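Below is one structure, written out as structure tokens; comments come after it.
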């Protein structure tokens, strides 16, 4: 069966492998200046808790110099989902489109076993590819992560064990969509849409709540520029702890300007403080574990549905 | 003793339309059965039910004594070639054989090889002629050493020469494996050449079921002067009545000799017999004579 799976899916597998290779080459080519700058500017000595005066400037330079590269690297979030959907959606849909399910499902293996062995082997390949991607991303982002931490989505989404979990979920969704829709293109589009919806939903709604966020009162009134955690919210609150809307804040600033008072002093005289709500950087692996578990569980549920359906559904 | 293929009151409905209904039949061991009927009579549906691709809406079907939806082992012993002989187009002939070997516990590579003869193993399936492609699909089906072979419209895309070659391969394979064969086809001439037994499906289920000999023996063409039809001794059922001028020709199923001297009794060929049955499935059966005319006559 392994030979059959390889023979049928080798183009997709090679494409995914090529993609990983391409990303790795691009990573090596673009990482060296970043690393050189990191060491040249002695950034490690500028990171918390060691905060020397002038460090803000150095870190700021490092950030602005490589902001474009970091922004490009964000596109890595597409790849695990893409790999999963590209392999998953045609798995059944193509058999239906070409009528070959009538060949494949009337041989000596039951179709559940056929589907399970295909899923297992291709799942393994997808997991391996996305682990490689995550490894490359972690290596590439190392200097950035030292500066900014890796709790924020820019790093969290492309690093660690969530990456293979995303890919596995995308694969499962692709398979189920192919089984239900029976057309490759339709299955691809629907699976991609469903994957993105779930993935964003989890990131925006669930991830901030895996553990209760921490709060920190900032000394100044402007938001601190350096936090290695994932900042969920930073808001001005009054003495009673009520949030002050930006509209009110703006009015207060105007008011202070008219009275020729420093707005910052005016705010402190009112007792307003800036409170930052954030997830601290040391929760990275806990959050990775929770999110990976969620997506692996979702993938398992979707796959079980596909296996149950492939058994029951008339072909 | 259960037959390799046995159905009882089998029915399959798609979205409110019955594709097959009230189908009861058995294909006895080591026979070649021709399954025929007009378009939409449910031939393909019946075969799909037999390999578990479809689930019956009502009734039961047993393949090699087992329920095809529950038993993967039963399917492993069925050689099925679906309509248009689906194969992976990007595979070569050799890869197709390797696919069959890998997905079947029982696989007789030597037999498949023998049936393929001189066909180049490195040709891609997409580059095969329809005849070669059918032959490959058949070799894959027979290489399982099946107890039951199900072929869905195997001749549909073949020219007469290729069809003949296909039949030869089939017969060689069947001689080797001793399988029961069910061939679903609209093309009556193919059946005549290959089959010992005929099952004709119509809207109301199985319209005809018997060996070729039995069917030919029990049907006669009666020719006589045009007249209103009453009962004729020896006739069980009038299958078709056809007038030309003052002459009336009846195709009848008999239950004894027709001795009425006003009728000329002749045997009928298989092709004409089956076509007549298929036609009656699609057209309304001839109406019984109107009572007024009967009174006038009698």
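The values are calculated or read from the model by the stated rules, or taken from the named source; none is laboratory data. This structure is a prediction, so every number in the text was calculated from the model and none was measured. Cβ atoms come from the backbone with ideal geometry, glycine included; neighbour counts cover every protein chain shown.
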Inset, instruction - Collect the residues in region B:49-72 that are farther than 15 Å from residue B:20 by Cβ, at the interface with chain A (Cβ under 10 Å from one of its Cβ atoms) and in contact with a strand residue (DSSP E or B) (Cβ under 7 Å, 6 or more places away or on another chain), keeping them in residue-number order. - result: none
Inset, instruction - Tell me, yes or no, whether region A:109-127 has at least one residue that is outside any helix (DSSP H, G or I) and either within 14 Å of chain B (Cβ to nearest Cβ) or surrounded by fewer than 21 Cβ atoms within 10 Å (Cβ to Cβ) (or both). - result: yes
Inset, instruction - Residue by residue through region A:155-183, note down the ones that are surrounded by fewer than 21 Cβ atoms within 10 Å (Cβ to Cβ) and part of a helix (DSSP H, G or I). - result: A:180, A:181
Inset, instruction - Kindly provide the set of residues from region A:80-95 that are under 21 Å from the mean Cα position of the chain (by Cα) and within 14 Å of chain B (Cβ to nearest Cβ), ordered by number. - result: none
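In region B:36-45, how many residues are buried (at least 21 other Cβ atoms within 10 Å of the Cβ) and either out of contact with any strand residue (DSSP E or B) (no Cβ under 9 Å at 6 or more places or on another chain) or modelled with pLDDT of 95 or more (or both)?
Result for region B:36-45: 0.
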Inset, instruction - Kindly indicate whether any position in region B:88-99 is at pLDDT below 95, within 14 Å of chain A (Cβ to nearest Cβ) and surrounded by 21 or more Cβ atoms within 10 Å (Cβ to Cβ). - result: no
Inset, instruction - Scan (1) modelled with pLDDT under 85; (2) in a helix (DSSP H, G or I) for the single condition residue A:206 breaks and write down its number. - result: (1)
Legend entry - Subset of region B:19-35 [surrounded by fewer than 24 Cβ atoms within 10 Å (Cβ to Cβ) and within 14 Å of chain A (Cβ to nearest Cβ)]: B:19
Inset, instruction - Scan (1) within 18 Å of the chain's Cα centre (by Cα); (2) within 12 Å of chain A (Cβ to nearest Cβ); (3) over 14 Å from residue A:106 (Cβ atoms) for the single condition residue B:126 breaks and write down its number. - result: (1)
Inset, instruction - Go through the residues of region B:200-217 one by one and say whether even a single one is in a helix (DSSP H, G or I), in contact with a helix residue (DSSP H, G or I) (Cβ under 6 Å, 6 or more places away or on another chain), closer than 21 Å to residue B:156 by Cα and in the same structural domain as residue B:36 (by TED's automatic domain parsing). - result: no
Inset, instruction - Working carefully through the options B:106, B:193, B:89, B:135, find the one that is within 26 Å of residue A:8 (Cβ to Cβ) and assigned to a helix (DSSP H, G or I). - result: B:135
Legend entry - All positions within region B:253-278 that are more than 13 Å from residue B:208 (Cα to Cα) and either within 23 Å of the chain's Cα centre (by Cα) or not in a loop (DSSP other than H, G, I, E, B) (or both): B:254, B:264, B:265, B:266, B:267, B:268, B:269, B:271, B:272
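This table checks each residue for (1) over 20 Å from residue A:129 (Cβ atoms); (2) out of contact with any strand residue (DSSP E or B) (no Cβ under 8 Å at 6 or more places or on another chain).
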site: A:149; (1), (2): yes, no
site: A:154; (1), (2): yes, yes
site: A:166; (1), (2): no, yes
site: A:170; (1), (2): no, yes
site: A:181; (1), (2): yes, yes
site: A:186; (1), (2): yes, yes
site: A:199; (1), (2): no, yes
site: A:209; (1), (2): yes, yes
site: A:215; (1), (2): yes, no
Legend entry - Among (1) surrounded by fewer than 19 Cβ atoms within 10 Å (Cβ to Cβ); (2) more than 14 Å from chain B (Cβ to nearest Cβ), the one test that residue A:98 misses: (2)
Legend entry - residue A:300 being modelled with pLDDT of 90 or more, part of a helix (DSSP H, G or I), exposed (fewer than 15 other Cβ atoms within 10 Å of the Cβ) and in the same structural domain as residue A:179 (by TED's automatic domain parsing): yes
Legend entry - Test: residue in region A:111-127 that is over 17 Å from the mean Cα position of the chain (by Cα) and over 25 Å from residue A:10 (Cβ atoms): no
Legend entry - Scan of region B:138-175 for residues that are in a loop (DSSP other than H, G, I, E, B) and within 17 Å of residue B:34 (Cβ to Cβ), ordered by number: B:153, B:154, B:155, B:156, B:158
